[in-house]
Each structure stands twice: as C-alpha cells, then as structure tokens.
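**Student:** Structure below; questions to follow.
The values are calculated or read from the model by the stated rules, or taken from the named source; none is laboratory data. Small disclaimer: the values here were computed from a predicted structure and weren't measured. Using ideal geometry, Cβ is built from the backbone for each residue, glycine included, and neighbour counts are taken over all protein chains shown.
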C-alpha cells in the first residue's frame with residue numbers, strides 16, 4: 001500500500017466552526033506532514049511529526065492544531081479560521097531520519113472558510 | 001538563504017521532448033526532487049536524484065544535475081497530453097531531511 005488518504009475531500013466551514021482534517025498512511029512511515037497550498041502556489045510546510053512527536057512548527061497560527069495519535073494517523077484540528085485560510089491542505093508521509101525524504105502526498109482537502 | 005527557482009510556463013507539441021529547468025541555492029542539499037501536480041490533485045513524486053549523481057533515467061524521464069551551476073533539469077521524452085500538469089522542483093532544506101523547499105512550479109501545456 002503506497003497511498004496516503006485524506007478525508008474529507010472538500011470542507012466548507014464558517015468562521016466559528018470547529019472541524020478536523022484526517023490523514024492516514026500504512027507504509028510504515030514515521031514522519032508525517034501538513035502543507036497548505038494556495039492556488040497557483042507551491043505547498044507551504046505547516047507541521048512535521050517525527051516518531052509521533054511534533055518536530056517542526058512553521059509559526060502556524062494556533063487556530064490550526066495538529067495531532068498525531070499513532071504512527072499511521074495525522075489530524076489537523078481547525079477552530080475560528082479566517083477566509084484567508086481557504087486553501088488545499090495536503091498531508092504527506094516519508095521515512096523519518098536521514099534515509100532520504102521521498103515524501104508521498106495525499107490528494108488533499110479543499111477547505112473553504114466563509 | 002534557501003531558494004528554488006523555476007520558469008513558470010512551458011508549452012510543447014505532443015510527441016516532442018519537454019525540458020523543465022530549476023536552479024537551487026543550497027549546495028549542501030542531499031536530495032533533489034521532481035513532483036507533478038494535476039489540477040485538483042495532490043503531488044505525485046516523479047523522481048529524485050542524489051547530489052553525488054549527475055544523471056538519472058527512469059523510462060521517459062531523465063534528470064540532469066549540474067552541481068557547479070546548481071542547476072537541475074527534467075526531460076520528458078515523447079510528451080503526451082497526460083503530461084500536462086504543474087511540475088515542482090524541490091530540495092531538502094538546511095534544517096534537515098524533513099523539510100522540502102519547493103520552487104514555484106512550471107506549468108506544462110501539451111498541445112496537438
């Protein structure tokens with residue numbers, strides 16, 4: 001299984017809502033990532049988990065809260081978002097450590113904040 | 001600082017070869033990657049090259065690395081309409097192997 005899955009595919013939420021994005025992989029990867037991608041731009045790294053511990057937070061606002069409950073799952077909890085947070089949110093996974101960083105991406109969740 | 005640059009657009013005729021170019025700044029990068037993104041989809045890893053290599057070939061794809069000029073290219077032979085997509089070049093960041101620095105992406109349009 002070389003697939004990263006993400007749910008939901010699309011999400012529309014109001015600025016007062018609380019929602020969560022989910023990501024799952026069964027490749028035995030111990031590093032997992034959240035990226036944000038605006039239209040016609042490259043992905044921007046948000047968070048990196050390595051061995052289920054948060055190792056990189058790229059100064060992301062606290063209205064985004066990541067969680068890695070086990071080595072296969074990665075969540076992104078959303079609360080009090082702004083319309084400018086509308087974007088494609090991509091999850092990725094890779095081997096951890098220094099063995100190379102071929103990151104495998106999921107299809108993304110298209111988020112619209114009203 | 002770390003930076004990856006790509007030209008934004010390339011148009012080719014079906015059946016011709018496409019060459020997408022990328023320059024990077026971090027000479028300590030160990031791996032360099034090419035990703036493909038079709039509309040509305042995630043990123044697909046196409047190929048990568050280790051920094052001690054000059055060339056890597058994988059079916060229709062050829063990656064060339066010029067370490068002196070910090071220049072990376074992706075050649076797609078016999079380009080097909082299904083190759084139309086955005087292609088991102090990426091390097092490993094100085095923070096370690098867990099961080100990728102992406103270029104802005106090159107939109108490849110294949111016309112009959």
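**Student:** What is the number of the single condition among (1) away from every other protein chain (no Cβ under 12 Å); (2) closer than 24 Å to residue B:88 by Cβ that residue A:22 does not meet?
**Tutor:** (2)
**Student:** Now for a different question. Within segment A:13-37, how many residues are within 18 Å of residue A:87 (Cα to Cα) and surrounded by fewer than 13 Cβ atoms within 10 Å (Cβ to Cβ)? Don't jump to the end; show me each part of the working.
**Tutor:** Of the residues in segment A:13-37, the ones within 18 Å of residue A:87 (Cα to Cα) are A:13-23, A:33-37.
Subset that is surrounded by fewer than 13 Cβ atoms within 10 Å (Cβ to Cβ): A:14, A:16, A:18.
Of the residues in that region, 3 qualify.
**Student:** Okay, next question. Any chance segment A:42-49 includes a residue that's surrounded by 13 or more Cβ atoms within 10 Å (Cβ to Cβ) and away from chain B (no Cβ under 13 Å)? Let's see the steps before the verdict.
**Tutor:** Taking segment A:42-49 and keeping what is surrounded by 13 or more Cβ atoms within 10 Å (Cβ to Cβ), we get A:42-49.
In the following step, the residues that additionally are away from chain B (no Cβ under 13 Å) were identified as none.
No, the conditions are met nowhere in segment A:42-49.
**Student:** Strands (runs of 3 or more DSSP E) wholly in chain B with at least 1 residues that are more than 14 Å from chain A (Cβ to nearest Cβ) - which ones?
**Tutor:** Where strands (runs of 3 or more DSSP E) fall fully within chain B and carry at least 1 residues being more than 14 Å from chain A (Cβ to nearest Cβ), they are B:9-13, B:18-24, B:55-58, B:61-66, B:71-76, B:106-111.
**Student:** Please work out if residue B:14 is touching a helix residue (DSSP H, G or I) at 6+ places or on another chain (Cβ under 9 Å) and either modelled with pLDDT of 95 or more or over 21 Å from residue A:96 (Cα atoms) (or both).
**Tutor:** Details: touching a helix residue (DSSP H, G or I) at 6+ places or on another chain (Cβ under 9 Å): yes; either modelled with pLDDT of 95 or more or over 21 Å from residue A:96 (Cα atoms) (or both): yes.
Considered against the rule, which asks whether it is touching a helix residue (DSSP H, G or I) at 6+ places or on another chain (Cβ under 9 Å) and either modelled with pLDDT of 95 or more or over 21 Å from residue A:96 (Cα atoms) (or both), residue B:14 comes out as yes.
**Student:** Residue check: is residue B:11 more than 20 Å from residue A:105 (Cβ to Cβ), surrounded by 12 or more Cβ atoms within 10 Å (Cβ to Cβ) and touching a strand residue (DSSP E or B) at 6+ places or on another chain (Cβ under 7 Å)?
**Tutor:** Values: more than 20 Å from residue A:105 (Cβ to Cβ): yes; surrounded by 12 or more Cβ atoms within 10 Å (Cβ to Cβ): no; touching a strand residue (DSSP E or B) at 6+ places or on another chain (Cβ under 7 Å): yes.
When the stated conditions are applied, residue B:11 does not pass them.
**Student:** Sticking with this one: Quick check on my filter: what residues within segment B:15-32 are more than 18 Å from residue B:68 (Cα to Cα) and touching a strand residue (DSSP E or B) at 6+ places or on another chain (Cβ under 8 Å)?
**Tutor:** Narrowing segment B:15-32 to residues more than 18 Å from residue B:68 (Cα to Cα): B:15-20.
Those that are more than 18 Å from residue B:68 (Cα to Cα) and touching a strand residue (DSSP E or B) at 6+ places or on another chain (Cβ under 8 Å): B:17, B:18, B:19, B:20.
**Student:** Next question. Can you find even one residue in segment B:84-94 that is under 12 Å from residue B:19 (Cα atoms) and surrounded by 14 or more Cβ atoms within 10 Å (Cβ to Cβ)? Spell out how you get there, then give the answer.
**Tutor:** Restricting attention to segment B:84-94, the residues satisfying the condition of being under 12 Å from residue B:19 (Cα atoms) are B:87.
Next, from what is left, pick out any that are surrounded by 14 or more Cβ atoms within 10 Å (Cβ to Cβ): B:87.
Yes, segment B:84-94 contains a residue that is under 12 Å from residue B:19 (Cα atoms) and surrounded by 14 or more Cβ atoms within 10 Å (Cβ to Cβ).
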